[in-house]
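The values are calculated or read from the model by the stated rules, or taken from the named source; none is laboratory data. Note that the structure is predicted; figures quoted are calculated from it, not measured. Cβ placement follows ideal geometry from the backbone for every residue including glycine, while neighbour counts extend to all protein chains displayed. Only protein heavy atoms, including side chains, enter the accessible area calculation; ligands, DNA and RNA are left aside. Shrake-Rupley method; radii C 1.70, N 1.55, O 1.52, S 1.80 Å.
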Amino acid sequence: MENKTPRSIKSGILLYAMALAFIAFELFILALTRYPQVSEEYRAYYITHTAPCPPLRRGRSYKLGTTVSLTSAADPSARNYLACNWSKANEEGTWTEKSYSKIYMSLRPPEGDLIMKLGILGFAGERNNQEIEVSVNGTVLTTWTLPTRQSGEAELTIPQAVASDGNLQVQFRTLHPSVLAGSGLSGSSNQVGMLVKWFLIDKAAR
Amino acid sequence: MASTDIKNRVQRFYFKKDRPVLFAPPLRAIRDILLIQGRLPGPSQRPSDFSHHTINAALIVLPLFILSRIFMYAVLGIQANDFSSHSFITNLCRWDCVWYLGMTGGGYQVMPNAINGQANWAFFPLYPLIAGIIRSAFSLSALTALTVASNAAALATGFVAAKILRNRDALIAFCVLLYFGPLSFYFATGYTESLFVLLTLACFHVLSKRRYVAVGLLAALLSATRAVGVMMTVAILIAALQDHLKEGRSIQSFPRAVLQNPQIFFALATAPLGLFVYMGYLYLHLGDALAFSHVQWAWFRQPGFPLKILLEALSTGDLGLFLRDGAFSARWSALWATLALILTGYLVILRRFPEAVFSFLAIIIPLSTHIMSMPRYAIGLAPLLIIASQLIASHKLSMRISLPALILSNIPLLVLWQSKAVGLA
């Protein structure tokens, strides 16, 4: 049997004590993994994978009436208004990708309804029309039917009630995401719905 | 060498300690034939006769390291038509390097990227932490600090390798692989690979001497460097099991033997500590201890069957590899993963089980989620770099052919890396 000196016994006890402390810490952390203290948005996107968009912080401040260009020539900080599945900006604008995309911002709490205008180009592959369901802060407001490959302007009236606190999350749900490959258009290798060239939010006319 | 000596050597090496017979005779025969030729490296615990000559090692490691950086500097300088040092380190910093750059300057994010959900929680803290310390200590920019940290680790890796490898040629081959070889730019820029290789080598070096307390502490650092570093725990366990079986004891008595040995017990408890400390930090920072894993979803990583992922990647896409403009090449990644698995199998044949299992797990775990980044994971596996360099050094001819080929192959890769070729990411 191996002879153990008092020193080796002491160091052995120290090693056991440290190892047990580490194991206790590791078990504690393992237990914590079962109880994440996160927002519903975080849980839905990262853990249960039930949400299509990542959690968002408060949006960048926006002054009513400002036109925001989403072309590659525009101020790159314009992308700070975009969330969830957008292509890189190209000369024409920025494509919504996959099924869900968002524009989000914070503004002074509105005193009445707002109107949002967008310069867009719809794309639906072989279909004649692309359909985009638009919701603001979780409330579905309308569904746009956009003729494929045609540029135009879309409008959305946002009732004061859904934007009363000044935080806006405008979600575009593309019903027929389509790939650009072979279409002669470019700017994304993912499925897209519409190209947004610019947008503007202002007070709605009374 | 006389044939009797060779036989004695084989006898001494493989049968002296009554190792359990784990291999089918054909595999053993292949191994012994190669060993008789004197060209096969033995298990890592074999004493090194080269390691005692630190100055000799320095005469190989230092010049090769310096030459390699001059070489990279020249290639990137010619490519960019800009020979400033700023241009050099900026042109090397691609893809994940940008994430480390942000971390070294600003720590961990509270909120993810709004457009794609990606966040720097996926990146383990030790490397950016070291770079941050270097940055503060020497008042450097974040990018310079990252570059210094990587290159210092790469240089140190050469010296640790000198302690492990048995001969001069193998060390030269190792240094060429690490400093000049394909994808060697990962060890020169803001990536965690240098530190990971250094710590992995140090772990296996210390483990070969059965210094369990030291290996536990080093492994804790390894598990704070990359998630798969935690697999060193398994390597330690296997090394202990090998010793246990060598002593003629049964496998059933192994758990008790581990509990009765404070050094091994300490090493096994300490090795995953880096990972758990980071998880604890993530819980405090975000409320989710598994954020490093959950955020992988934003990189399209989700659990799958690794063999299926590998075979699909091998059979899809084209062989244009990374040369296709803007297209991620699954096949390029799959070829590297396959090479890594072949070398891992070779480690098994050599009965270097701790290294083999560590390498296998470090390949299979990321492969079970996506084929992406496999070249980097493969080139960053120290046991595979060691075995590859030993294989190259086993023949003079292979040295003469392989080393120039390795150096030349890195030139187009380096140029593509600079041009942000997606397949190399």
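Miscellaneous remarks
- Other protein chain C-beta atoms within 10 Å of residue C-beta, averaged over A:20-26: 5.
- Between helix A:6-32 and chain A: long-axis angle, C-alpha atoms, 0 to 90°, nearest 10: 30
- Computed from the C-beta positions of B:R256 and B:A74 and an R0 of 35 Å, the FRET efficiency is 0.05 to the nearest 0.05.
- Residue-span extension gain [A:R57 to A:Y16] - 0.36 nm each, minus C-alpha spacing: 10.2 nm
- For the residues of A:27-33, the average number of beta carbons from a partner chain within 10 Å of their own beta carbon is 5.
- A simple rule links phi to the HN-Hα coupling: the Karplus curve 6.51 cos²θ - 1.76 cosθ + 1.60 with θ = phi - 60°, which for the stretch A:93-98 gives x, 9, 7, 6, 10, 6 Hz, with x for Gly and Pro.
- Charge-dipole axis of the protein assembly as shown as Lys and Arg at +1 and Asp and Glu at -1 on Cβ define it, positive-most pick from A:V140, B:L101, A:V38: B:L101
- Using θ = phi - 60° and Karplus 6.51 cos²θ - 1.76 cosθ + 1.60, couplings along the stretch B:207-218 (whole Hz; Gly, Pro as x): 5, 5, 8, 6, 8, 5, 5, 5, 5, x, 5, 5
- Heavy-atom accessible surface of the stretch B:364-412: percent carbon and sulfur, 1.4 Å: 76
- 3J(HN,Hα) couplings calculated from phi for the stretch B:337-352 with the Karplus curve 6.51 cos²θ - 1.76 cosθ + 1.60 (θ = phi - 60°) are, in sequence order, 4, 5, 4, 5, 5, 5, 5, 5, x, 5, 4, 5, 4, 7, 6, 8 Hz; Gly and Pro show x.
- Inter-chain Cβ neighbour average for residues B:253-263, partner chain, 10 Å: 2
- Chain A and chain B together bury an accessible surface of about 3000 square angstrom, both sides counted, with a 1.4 Å probe and no ligands or nucleic acids included.
- Carbon/sulfur fraction of accessible area - the stretch B:122-258, other protein chains in place, 1.4 Å, %: 68
- Probe 1.4 Å, protein heavy atoms only - accessible area per residue of the protein assembly as shown in square angstrom: 46
- Eigenvalues of the alpha-carbon gyration tensor of the stretch B:244-310, scaled by 5 and square-rooted, set the equivalent ellipsoid semi-axes at 35, 21, 7 angstrom, largest first.
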